[in-house]
1. What shape does the stretch A:112-187 have by the C-alpha gyration tensor, where a ≥ b ≥ c are the square roots of the eigenvalues, rounded means a/c under 1.5, and otherwise prolate means a/b greater than b/c and oblate the rest?
2. Once the convex hull of the alpha carbons of chain A is built, what does its volume come to per residue, in cubic angstrom?
3. In µm²/s, what is D for the stretch B:3-122 at 25 °C and 0.890 mPa s, where D = kT/(6 pi eta Rh) by Stokes-Einstein and Rh is the Kirkwood radius from Cα pairs?
4. How many partner chain Cβ atoms sit within 10 Å of a residue's Cβ in peptide A:175-184, on average, as a whole number?
5. Got a sec? How would A:30, B:62 order by Cβ neighbour count within 10 Å, fewest to most?
6. Over all residues in B:197-207, what is the mean tally of Cβ atoms on other chains that come within 10 Å of each residue's Cβ?
7. Using Cβ contacts closer than 10 Å as the measure, can you line up B:196, A:171 from fewest to most?
8. What FRET efficiency, computed as 1/(1 + (r/R0)^6) with R0 = 22 Å and r the Cβ-Cβ distance, is obtained for residue B:183 and residue B:28, rounded to the nearest 0.05?
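Just so you know, all these numbers are worked out from the coordinates, no wet-lab data involved. In this text the structure is predicted, and so the values were computed from the model without any measurement. Neighbour counts are summed over all protein chains in view; Cβ atoms, including those assigned to glycine, are modelled from backbone coordinates with ideal geometry.
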């Protein structure tokens, strides 16, 4: 049996320009015809609380809070299947990145293990100029769920033995390799 | 002589060194000159565009500018599909001159400037289209007769920026594997997503996604991949995948250039299969010496 959820739009806080702010090409999202090809193409759809089709409708309606508190965007694996199949040619996968930008800027706490992933990755990039996989994984798990890390310990040891992971000591002082570029970008975008 | 600029990217220089080694050995055997960019840095992967629009272009553009300095109108080859997407996305964006100017404003602090002239191509594209199956077949000394190989392209190799293959039904590995003498085992997950970072952030879901690919390829002797992330997810997590899907999964996962190296008669040691989690030896044992 299916249930129908009724949302009274006048009862909720909305940001009608949300869709336009998210897509590179203005108004593209408004052309969504709700066909559901995105949901049918998504390898993660079954685990989402709001299907991609429904999420895009909510974005069209400016339901920012509901979209940011849904886990849907964090289950996207960036496989571009919805984007290449969208009959309206909307850059859906790239718009998910924009939604994540908003969620990180607003420091939405609910999906911390996902936002930590991006923030830790970004910090390692800035510091060393290259990804250091071992340090990244260690810092990521310590900042989210150290117990989860135990489940990865056996695999981590196997990878170290095979030479797949390099044990490297972190450098926590001095200017990061890409610090100047990160700072300049922040300055140009008015974040600094 | 074919000549390429090479951007290895973080994974090919660390966890997937065997991919880099095999790719360079195969390119050399095919008579191509490959020059690695000095002082390259991370392309930003799918993380930088989430931090900011400009960072998502500035990090790849830094490397494109370095490649451009090595000579105009050069081709830059990448083996990682996430790097490939970052560079192709940036090149598409900087076709707009205002965007290019803004990216260059950022690059000023690195004393670099990008003119938008570097062509970025995936390693698979070079193998399939610059060398081609005939040139590869001509170099085969040890045909992979009897080896059943399941191609796996993953997502970003062929979507959305690939101009060399179909984003839904890719085929460019088929000709190469046939040229090596292998039997191609086609399955329904060749262009599916490996689960990427979900295996770390959302393991319950990520492991199921990786599991569906491994399960589809199981009748083959091994998988052939062309991306370090796909390889890591498919090779390293098979124990965890088995537990989550409640079915034992064990299948060797190779990088395509390793298989080409073996068929070219290059030393097995040079292909560094020992770095893989699931032993590749049972598959290699099927190849006549």
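1. Oblate, since a/c reaches 1.5 and b/c is not below a/b.
2. In chain A, the Cα hull volume divided by residue count equals 175 Å³.
3. Estimated diffusion coefficient is 170 µm²/s.
4. Across the residues of A:175-184, the mean count of other-chain Cβ atoms within 10 Å is 5.
5. The fewest-first ordering by Cβ neighbours comes to A:30, B:62.
6. Neighbouring Cβ atoms belonging to other protein chains average 6 per residue here.
7. Fewest-to-most Cβ neighbours within 10 Å comes out as A:171, B:196.
8. The value I calculate is 0.20.
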